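Student: Encoded as structure tokens, here's the structure I'll be asking about.
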Amino acid sequence: MIMSRLPRWDLSNVYPGLTSAEFEAASAKLQSQIEALEQHLARHTAAVPSDPAVVAELLGRGLDRFNALY
């Protein structure tokens, strides 16, 4: 059986539309979080600290930023 029409999903329970203020705000927040993660990685990956406690803290902050993106 061949489908004559593509499936359609109703995502209005997530965002009213792709041009809505809610979607635009979420997109801007995501972009901001990505930039913050990039800055964090750039600052802390050039030279790895030798103190395990510092490494653990940096990894924890990085994971928090990754988790916020998901």
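Student: So, L30, is that one open to solvent by 60 Å² or more (accessible area, probe 1.4 Å), part of a helix (DSSP H, G or I) and touching a Leu at 6+ places or on another chain (Cβ under 8 Å) or not?
Tutor: yes
Table: residues versus (1) assigned to a helix (DSSP H, G or I); (2) of a type in the set (A, V, I, L, M, F, W, C).
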residue	(1), (2)
R5	no, no
R8	no, no
E22	yes, no
I34	yes, yes
L37	yes, yes
H44	yes, no
V54	yes, yes
L63	yes, yes
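Student: Got a sec? Which of R61, R8 is at negative phi and loosely packed, with under 10 Cβ neighbours inside 10 Å?
Tutor: Just one listed residue meets the conditions, R8.
Student: Can you tell me which residue in region 33-53 is least open to solvent (accessible area, probe 1.4 Å), limited to those that are touching a helix residue (DSSP H, G or I) at 6+ places or on another chain (Cβ under 9 Å) and of a type in the set (A, V, I, L, M, F, W, C)?
Tutor: Within region 33-53, the match that is least open to solvent (accessible area, probe 1.4 Å) is L37.
Student: So which residues in region 54-70 are in contact with a helix residue (DSSP H, G or I) (Cβ under 8 Å, 6 or more places away or on another chain) and free of Cβ contacts under 8 Å to residues at least 24 places away in the same chain, if there are any at all?
Tutor: Within region 54-70, L58, R61 meet the criteria.
The values are calculated or read from the model by the stated rules, or taken from the named source; none is laboratory data. A quick note: this is a predicted structure, and the numbers were derived from the prediction, not measured. A quick note on method: Cβ atoms are made from the backbone with ideal geometry, for glycine too, and the neighbour counts reach across all protein chains shown. Side chains included, ligands, DNA and RNA excluded: accessible areas come from the protein's heavy atoms. Shrake-Rupley method; radii C 1.70, N 1.55, O 1.52, S 1.80 Å.
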